[in-house]
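Everything below concerns the one structure shown next.
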Amino acid sequence: MVDETNYWIAWAVYATASCLFLLAFWRITRFRRRRVLAACLRAIFLAVIVTPWYVSDTGSAMAPALIIVLMDAITISGEAAVRAFVPLFLAVMLALVVALVWSLIRRGWSRGHSEQAS
């Protein structure tokens, strides 16, 4: 019971800190002319921070994939870190695709409205 409570408290602290860092990063990446770059950077940051993965091969507990990659690389070996790196990499690629599509849709939509206003 205590372990499960600590597990959820740790996730709550991590989620709160992640939200604060995301807000700060969102303000830092408020580029006026490079909106596609800002969207891609935000997507990468969000994917790296939010993607969870299993702590061990047999357990059901999860932790942020970035932390699992780093801990496996430090404590076991670089080869062991691959098990958490693959889903992290796939999440980053998916986030980039979504950010690029979203940016292209917004660009086309905003150009369509500016042409209609003229």
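The values are calculated or read from the model by the stated rules, or taken from the named source; none is laboratory data. All values reported here derive from a predicted model rather than from experimental measurement. Neighbour counts are summed over all protein chains in view; Cβ atoms, including those assigned to glycine, are modelled from backbone coordinates with ideal geometry.
How many of the residues making up the stretch 55-97 are assigned to a helix (DSSP H, G or I) and among the polar types (S, T, N, Q)?
Total satisfying the criteria: 1.
Looking at the stretch 20-36, is at least one residue in contact with a helix residue (DSSP H, G or I) (Cβ under 7 Å, 6 or more places away or on another chain) and among the small types (Gly, Ala, Ser)?
No, that holds for no residue.
Only residues that are among the hydrophobic types (A, V, I, L, M, F, W, C), over 24 Å from residue 40 (Cβ atoms) and in contact (Cβ under 8 Å) with a residue 12 or more places away in the chain: list them for the stretch 69-108, please.
Scanning the stretch 69-108 gives a single hit, 81.
Counting only residues that are aromatic (Phe, Trp, Tyr) and more than 30 Å from residue 106 (Cα to Cα), which one in the stretch 1-54 is surrounded by the fewest Cβ atoms within 10 Å (Cβ to Cβ)?
So the residue we want is 8.
Exposed (fewer than 13 other Cβ atoms within 10 Å of the Cβ), at pLDDT below 85 and either aromatic (Phe, Trp, Tyr) or under 18 Å from residue 17 (Cα atoms) (or both) - does that describe any residue in the stretch 74-82?
No, the stretch 74-82 contains no residue that is exposed (fewer than 13 other Cβ atoms within 10 Å of the Cβ), at pLDDT below 85 and either aromatic (Phe, Trp, Tyr) or under 18 Å from residue 17 (Cα atoms) (or both).
Tell me which residues, restricted to the stretch 55-73, are within 18 Å of residue 14 (Cα to Cα) and surrounded by fewer than 15 Cβ atoms within 10 Å (Cβ to Cβ).
Within the stretch 55-73, 61, 62, 67, 70 qualify.
Which residues, counting only those in the stretch 65-105, are in contact with a strand residue (DSSP E or B) (Cβ under 6 Å, 6 or more places away or on another chain) and under 29 Å from residue 35 (Cβ atoms)?
Once the filter is applied, which keeps residues that are in contact with a strand residue (DSSP E or B) (Cβ under 6 Å, 6 or more places away or on another chain) and under 29 Å from residue 35 (Cβ atoms), the stretch 65-105 yields 65, 87.
When the residues of the stretch 24-53 are filtered to those that are touching a residue at least 24 places away in the same chain (Cβ under 8 Å) and outside any helix (DSSP H, G or I), which remaining residue is nearest to the chain's Cα centre (by Cα)?
51
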